[in-house]
Amino acid sequence: FRPITATRSEVCEDRRVSTINGRVSHWFGELPAPRPGLPGDLDADVCIVGAGYTGLWTAYYLKQADPSLSVAVLESRFAGFGASGRNGRWLSGLAPGHRGLLARRHGRAAVIDWQHALNDAVDEVIAVAGREGVDADIVKGGALDVARNRAQLARLRKQVDEDRSWGDDDITLLSKDEVAQRVAVVGMLAAAYTPHCARIQPAKLARGLAEVVERCGAVVYEQTAVTAITPGHAVTTRGTVRAPIVLRATEGFTTRLPGLKRRWLPMNSAMIATDPLPAEVWARIGWQGRETLGDTAHGFFYAQRTADDRIAIGGRAVPYRYGSGIDRDGAVGQDTIDYLTGVLN
C-alpha cells in the first residue's frame, strides 16, 4: 500500500485533499472556521488560557460543579490547535515514568491510587462523550505493546512486572499465538495488553468538547493571543480579562509567555497515515478489535487503525536542539517522513 506522507498533497479518488504539509493536522481534514475573538476588556469569575484538552475539560467540570460561574476560555488560534488536535489518538491510562520518584515524594499508596485514577479517566472521557453527544470515533480496544526480538521481550516482561507492582493488575502478557489472533505483526514474539486504552479522533474530541463547554454556558474566545498572565489578569492582543482565578492551560506553548521560556520542555512527535486500505488487506492484518499498538524498541512507534480504515503510525523522530522552536503548523521535515515510512514498511 502507498503511504500518505506529510510532504505533499494527496488527492483521493473522491478528489478531496487528504493531507497537506503544514496544515496543522490530518485529523482536522479542513481547518475549522474560528470563533470570534475577545471583543475587549472583560470581567469573569474564572479565566482559562488555552482551549486544548486541559483548558476545555477544566471549563467543563467547573460548569458542572457551579453553573453560575462565568468562565472565559482564551485561545490564540482555535480550539484543539495544539497537541490536543494532532496527537497519536491514544486515550490511555498509561502512566509516564518516574513512579519511584513520585512514590518517594508522595508515598507508594498515592502513586497506586493515581494509576487507578488514570485508568478510570479513560472510561470517564468515554462516558462524557456519549452523554454529551460528542462523536470522536471512540473504540475502547485496549493497547498492545509488542516485542519483536529478545531484547524487546526482556524489556516487555520487566515492564509488565513493574506495572503490576504499581497496581495495574489488568495488564497481561500475551503469547505469539494470542497476539496473532488480534493483529498480524511480522516477527512477533509476545505482547503486553491492557484494556485501559481507547482509540479516539483527537480533533473531533477537542472541537466537540469546545461545543459542549459553550452549551454549558462558558465562552470560548478564539483568535485571541494572551501576551501575559499576572495575578487576576490575562492580557491579550484584544483586551484584558480580569478574573480572581486565572488558569494557565497552555502546555507546550507555555514557553511563549514572558518569564516561562525555560519552565517547560515542549516535546514533539510526527505521524503518517496510509490511504484507506481495502477489505482484503484487513482480512490479512486482522486488527478487528481496533487496539492501539506500540512496541518496546528504544526508537518506539505508536499506531492504530482509524475509523476510515487507514493505518496511522507515529514516533519520536525529530531531534531536539538547544533553542529550538515549537510549532510550524504541523510541517515536518523529510528526515522524519523517511523514518516513519521505514517503520510502516
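The values are calculated or read from the model by the stated rules, or taken from the named source; none is laboratory data. Keep in mind the model is a prediction, meaning the values are calculated, not measured. FYI the Cβ positions are ideal-geometry reconstructions off the backbone, even for glycines, and counts take in every protein chain you see. Ligands, DNA and RNA are excluded from the accessible area calculation, which covers all protein heavy atoms including side chains. Shrake-Rupley method; radii C 1.70, N 1.55, O 1.52, S 1.80 Å.
Is it the case that D168 is at pLDDT 95 or above and either under 23 Å from the mean Cα position of the chain (by Cα) or assigned to a helix (DSSP H, G or I) (or both)?
Numbers: at pLDDT 95 or above: no; either under 23 Å from the mean Cα position of the chain (by Cα) or assigned to a helix (DSSP H, G or I) (or both): yes.
In short, no.
If you take the residues in the range 89-132 that are part of a loop (DSSP other than H, G, I, E, B) and in contact with a strand residue (DSSP E or B) (Cβ under 8 Å, 6 or more places away or on another chain), which one is surrounded by the fewest Cβ atoms within 10 Å (Cβ to Cβ)? It would help to see each step written out before you state the result.
Initial filter on the range 89-132 (part of a loop (DSSP other than H, G, I, E, B)): 89, 93-98, 107.
This time we only want the ones that are in contact with a strand residue (DSSP E or B) (Cβ under 8 Å, 6 or more places away or on another chain), so: 89, 93-94.
Details: R89: 25, G93: 21, L94: 19.
Among those residues, the one meeting the criterion is L94.
Can you find a residue that is outside any helix (DSSP H, G or I), more than 22 Å from the chain's Cα centre (by Cα), of a type in the set (G, A, S) and surrounded by 14 or more Cβ atoms within 10 Å (Cβ to Cβ) anywhere in the range 286-293?
yes
Would you check if there is a residue in the range 210-229 being under 20 Å from the mean Cα position of the chain (by Cα), open to solvent by 10 Å² or more (accessible area, probe 1.4 Å) and within 28 Å of E132 (Cα to Cα)? Steps first, answer last, please.
Filtering the range 210-229 for residues under 20 Å from the mean Cα position of the chain (by Cα) gives 210-213.
Subset that is open to solvent by 10 Å² or more (accessible area, probe 1.4 Å): 211.
Still in the list and also within 28 Å of E132 (Cα to Cα): 211.
Yes, some residue in the range 210-229 is under 20 Å from the mean Cα position of the chain (by Cα), open to solvent by 10 Å² or more (accessible area, probe 1.4 Å) and within 28 Å of E132 (Cα to Cα).
Mind checking whether some residue in the range 171-178 is assigned to a strand (DSSP E or B), in contact (Cβ under 8 Å) with a residue 40 or more places away in the chain and open to solvent by 10 Å² or more (accessible area, probe 1.4 Å)?
From the range 171-178, those assigned to a strand (DSSP E or B) are 172-175; that's our starting set.
So of that shortlist, the ones also in contact (Cβ under 8 Å) with a residue 40 or more places away in the chain come out as none.
No, every residue in the range 171-178 fails to be assigned to a strand (DSSP E or B), in contact (Cβ under 8 Å) with a residue 40 or more places away in the chain and open to solvent by 10 Å² or more (accessible area, probe 1.4 Å).
Can you give me the number of residues within the range 230-255 that are within 22 Å of the chain's Cα centre (by Cα), closer than 18 Å to A79 by Cβ and not in a loop (DSSP other than H, G, I, E, B)?
Kept after step one, since they are within 22 Å of the chain's Cα centre (by Cα), are these residues of the range 230-255: 247-255.
Okay, now just the ones that are also closer than 18 Å to A79 by Cβ, so 247-254.
Applying the additional criterion that residues be not in a loop (DSSP other than H, G, I, E, B) yields 247-248, 251-254.
Counting residues in the range 230-255 that are within 22 Å of the chain's Cα centre (by Cα), closer than 18 Å to A79 by Cβ and not in a loop (DSSP other than H, G, I, E, B) gives 6.
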